[in-house]
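Coordinate-derived values only; no laboratory data. This is a predicted model, so every value here is computed, not measured. Here the Cβ is made from the backbone with ideal geometry for all residues, glycine too, and neighbour counts use every protein chain on show.
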Amino acid sequence: MWYDFYHGDKMSTFGEYVKAKRLERGLGLREFCLLVPVDASNFSKIERGKLEPPQPGTQLFEGVCAALKFSGDSDERHELERIAQLQRGMIPQSVLANEQLAAKLPAFFRTIDGAPISEEERQELIDMIRNA
C-alpha cells in the first residue's frame with residue numbers, strides 16, 4: 001500500500017507524517033531539528049508543506065529517520081520514503097522493484113488518463129491491485 005498513514009479522510013504529507021511521529025516521541029521542533037541536524041525555520045516549512053520533502057537517501061532524509069529512530073527496514077521508514085517520493089512526484093521504489101507491478105504501470109496510467117485499454121489489460125490490472 002502506498003499510504004498507510006491517514007489524517008482524517010486525507011492522506012498525509014511528508015510534513016504531517018513527520019510532525020505526528022515527532023510529537024508521538026515528545027520532541028519539540030527545535031529539539032528535533034538539533035537531532036537531525038537542520039535549521040528549525042526551514043524544517044518548519046517542510047512540515048507545513050511550503051518546501052518539498054527531502055529525497056530518500058539524502059543526508060536530510062537520513063537525519064530525519066535517525067531523529068525519529070526509524071531503523072533501516074522499519075515499516076515507518078518505508079512509509080516515510082513512499083510519502084516523500086509520492087509528494088515529490090516520483091513512483092515509489094517499492095512499486096518499481098516489483099517487476100510485475102511495474103510492468104502494469106503503462107496500463108494503469110492509460111486508464112487514469114481515460115485512454116482505452118484492452119479487457120485483458122484491465123483484468124490483469126485489477127488482479128494485480130487485488131494481490132498487492
Return the lysines within reach of LYS69: Cα separation strictly under 20 angstrom, same-chain partners fewer than 8 residues apart disregarded; answer none if there are no such residues. LYS19, LYS21
Cβ-based net charge around GLY26, under 14 Å, with every Lys or Arg adding one and every Asp or Glu removing one: +4
Rg to Rh quotient for the chain, alpha carbon positions, Kirkwood Rh: 1.06
Around ILE126, with a cut-off of 15 angstrom between Cβ atoms, what is the net charge of the other residues, counting Lys and Arg +1 and Asp and Glu -1? -1
With each pseudo-label sitting 7 Å past Cα toward Cβ, what's the ASN131-ALA66 distance in nm, one decimal? 4.1
For every helix of n ≥ 4 consecutive DSSP H residues, a contribution of -39,500 (n - 2.57) applies; sum these over the chain, divide by its total residues, and give [θ] at 222 nm rounded to the nearest 500 deg cm²/dmol. -17500 deg cm²/dmol
